[in-house]
Amino acid sequence: MGERQRIIIAKPGLDGHDRGAKVVARALRDGGHEVIYTGLRRTPNQIVRTAMDEDARFVGLSSLSGAHGHLFPTVCNLLREAGLNDVIVFGGGIIPDDERSALHASGVRAIFGPGTTSSEILEFISEAAGRNCGVGSQDPWHWGE
Amino acid sequence: MEPIRGEGLVIAITGPPGVGKSCLVDGLLHRLAPEHIVAVLAVDPTSPLSGGALLGDRIRFSVLDDDSKADSIYVRSIATRSSSGAVPSIIQSLASHLLGNGFGLVIIETVGAGQAEIRCAAIADRIIVVEGPARGDGIQAEKAGLLELADLLIVNKSDLPGADKVVNDLTMSLSITDDSPEIIKVSALTGDGLDQLPAMIFALESRVSSQRARNRQRLLMAHEHLLTANPNFEAILDRISQEGLSLAQALEELS
Ligand SMILES: Nc1nc2c(ncn2[C@@H]2O[C@H](COP(=O)(O)OP(=O)(O)O)[C@@H](O)[C@H]2O)c(=O)[nH]1
Ligand SMILES: [Mg+2]
């Protein structure tokens, strides 16, 4: 197991439930990380502010509504604008294959679909923590593929 | 270890899990911001099995959705981590630092169980203990030894049946002392009783017995810090294990 990380789990957008986000939050806690869970319907600005106040290394975003195409890149941009270039962003939810490369290009380092196992997410966290792959990094690396 | 600080007040809000501490803090923040610049240090336990923690107090802070207030509020979630006692001293320096940097009030929210959590509360100038109608197995705060630390007792969830019984039970438990804290009944859900809270908190006097209980915790904390900060601490531990050094001799060498 890698080092203990501080990870924000947030659910931007307006869609209803956060079951998936909670499952991921618990899995990360059980993997030895400190997870700050922000609840439903946070705006990109609030998420970035939370990452700053909580001194988090990772931000995990969950979306079911199809809003990820806009919201995930917005969070990455706002993090860069806030100077939080070291923060590593990952996402989860129902995200079609053909939308993934645009998300990767915007700075999202991993995209986890509905069937993802906890151990895969934990592996990503420990691998990403050892790389310089925050939203401000030019490294094209992303998880999988 | 000694606090270096500016003007301002550090209060702890403590009590059993689920009693509504975070919702109460939210209610308070709605009434304090933006006039007051407030920091919240929300402490939650680390899971002893995994070493991880789920820090969920933020979910309750609806005040952060209000842009006119959010800018005067800082929230930091903190896990207790190991029982090394490091977290209470980290919280103490964080609180001093915040007070020295423009924050007028620092609120420490912590579960009132476990040594680390109680020590986190003992850092504060004033301690508010929260109770509520719960699982019907008596006053939780009493079992945790929290009552002696309380400068004010809040019975939350006054909207639920059973709140009056909790007030009565608390009054009974406290009736043996002549220096007992005030008990107030509120509902963080409906807002009932919350408007009086900011003024009460700023005017809150420390009770003699809670001051003493707090100082006992602080003294123990300072002593532990003294021992563990000694550069020979680990070496002396080794000698206890390997050479049969007695605890009394070890203490002598460490202090
Ligand atoms: N009925 C009622 N429920 C409340 C009240 N305050 C908080 N709660 C609920 O109690 C639960 C725990 O609240 P929370 O603030 O997270 O408790 P904490 O663990 O002490 O911080 C939540 O489901 C709240 O909605 C109240 O005044 N009345
Ligand atoms: Mg809480």
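Please name whichever of B:Ala33, B:Gly100, A:Phe72 sits farthest to the positive end of the charge dipole of the protein assembly as shown, dipole taken about the Cα centre and charges placed at Cβ: Lys and Arg +1, Asp and Glu -1.
A:Phe72
To the nearest 20 debye, what is the magnitude of the charge dipole of region A:6-129 about its Cα centre, counting +1 on the Cβ of each Lys and Arg and -1 on the Cβ of each Asp and Glu?
Around 320 debye, computed over region A:6-129.
Could the peptides A:48-56, B:44-52 be put in order, highest first, of the mean number of other beta-carbon atoms found within 10 Å of their residues?
So the peptides A:48-56, B:44-52, ranked by packing, come out A:48-56, B:44-52.
Can you list residues from other chains, or at least 5 along the same chain, whose modelled amide H is less than 5 Å from the amide H of B:Val155?
Hits under the 5 Å cutoff: B:Glu131, B:Ile184, B:Lys185, B:Val186.
How crowded by other chains is A:4-13, given as the mean number of beta carbons from other chains within 10 Å of each beta carbon?
Counting Cβ atoms of other protein chains within 10 Å of each residue's Cβ and averaging gives 2.
What is the total of Lys pairs in region B:9-210 with C-alpha atoms under 19 Å apart, excluding same-chain pairs fewer than 8 positions apart?
Eligible lysine pairs with Cα atoms under 19 Å apart amount to 7.
Enumerate the whole-percent occupancy of each 5 Å bin, from 0 to the last occupied one, for all C-alpha pair distances of region A:6-129.
2, 12, 25, 27, 22, 10, 1
Rounded to a whole number of µm²/s, how large is the Stokes-Einstein D of region B:9-210 at 37 °C and 0.692 mPa s, given Rh as the Kirkwood radius over C-alpha pairs?
193
What number, rounded to the nearest 500 deg cm²/dmol, is the helix-based mean residue ellipticity at 222 nm of chain B, given -39500 (n - 2.57) per DSSP H run of at least four residues and division by all its residues?
Rounded to the nearest 500, the figure is -12000 deg cm²/dmol.
Can you compute the charge dipole magnitude of region B:9-210 about its Cα centre, using +1 on each Lys and Arg Cβ and -1 on each Asp and Glu Cβ, nothing else charged? Give it in debye, rounded to the nearest 20.
About 540 debye.
Which Cα, out of B:Ala150, B:Ala122, B:Ser173, lies furthest along the positive dipole direction of region B:9-210 (beta carbon charges, K/R +1, D/E -1)?
Of the candidates, B:Ala122 comes out farthest on the positive side.
Could you give me the ³J(HN,Hα) list for region B:61-67, computed from phi with Karplus coefficients 6.51, -1.76, 1.60 and θ = phi - 60°, whole Hz, x at Gly and Pro?
In residue order, the calculated couplings are 8, 5, 4, 6, 7, 9, 4 Hz.
Please check which bits of region A:21-44 a label hung off A:Thr117 would reach, taking the label as a point 7 Å along Cα-to-C-beta and the cut-off as backbone N under 19 Å.
Under 19 Å, as judged by backbone N against the label point of A:Thr117, lie A:23-33 of region A:21-44.
With label points built 7 Å along Cα→Cβ from the Cα atoms of A:Ser101 and B:Ala235, find their separation and express it in nm.
Rounded to a tenth, the inter-label distance reads 6.2 nm.
Which value results when the Cα radius of gyration for the protein assembly as shown is divided by 2.2 N^0.38 Å?
After normalising by residue count via 2.2 N^0.38 Å, the value is 1.07.
Any read-out appearing in this document is the output of simple, stated calculations on the displayed coordinates, not a laboratory observation. If you're wondering where the values come from, they're calculated on a predicted model, not measured in any experiment. All Cβ positions, even for glycine, are placed from backbone atoms using ideal geometry, and neighbour counts span all protein chains on display.
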